[in-house]
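The next block holds one structure in the form of structure tokens; read it before the comments.
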Amino acid sequence: CQASANKPVLTLFTKKPCPLCDEAKEVLEPYKRRFILQEVDITLPENSAWYDKYKYDIPVFHLNGKFLMKHRVDIQKFEDRLRKMELQSD
């Protein structure tokens, strides 16, 4: 399927429990067909660098490997960036 190959990857840096992360995922729910969600548990030993960087800031989102937003979903910023990526991949 060609479409899924071009979908942007939204990386969520999270840990359990994270009520703000759950809330953020709910906000993003209507958009979920337009991106691939990848969750990174910062408490895992292999993710210690992310833990050091983001332990006080989760949820943190990266879009295609670039920092996008933290603490809360900025839906306007997310939509703008997502739309730009979709236009570039066409």
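Relative to the dominant Cα principal axis of the chain, helix 75-89 is inclined by about 50°.
Full extension of the chain between PHE67 and GLU39 yields a length gain of 8.7 nm, computed as 0.36 nm times the residue separation minus the alpha carbon distance. In the chain, the longest principal axis of the Cα atoms and the axis of helix 19-28 are about 0 degrees apart.
A viscosity of 1.306 mPa s and a temperature of 10 °C, combined with the Kirkwood radius over C-alpha pairs in the Stokes-Einstein formula, give segment 9-88 a diffusion coefficient of 124 µm²/s.
Magnitude of the charge dipole for the chain, about its Cα centre and with charges confined to Cβ atoms of Lys, Arg (+1) and Asp, Glu (-1), is about 160 debye. Just tell me which lysines come within less than 25 Å, Cα to Cα, of LYS55; anything on the same chain fewer than 8 places away is out. Excluding near neighbours in sequence, the set is LYS15, LYS16, LYS25, LYS66, LYS70, LYS77.
When DSSP assigns beta bridges and you keep just the ones with both residues in the chain, what percent turn out antiparallel, to the nearest 5? Expressed as a percentage, antiparallel bridges in the chain total about 55. Considering only LEU63, LEU87, ILE75, and ranking their Cα positions along the charge dipole of segment 9-88 that arises from unit charges at the beta-carbon of Lys, Arg, Asp and Glu, the one farthest toward the positive end is LEU87. Please report, as a whole percent, how much of the solvent-accessible surface of the chain comes from carbon and sulfur atoms (probe radius 1.4 Å). Whole-percent figure for carbon plus sulfur exposure: 52.
The values are calculated or read from the model by the stated rules, or taken from the named source; none is laboratory data. Keep in mind it's a predicted model, so treat the numbers as computed, not measured. All Cβ positions, glycine included, derive from the backbone under ideal geometry; neighbour counts span all protein chains shown. Keep in mind that these areas ignore ligands, DNA and RNA; they rest on the heavy atoms of the full protein, side chains included. Shrake-Rupley method; radii C 1.70, N 1.55, O 1.52, S 1.80 Å.
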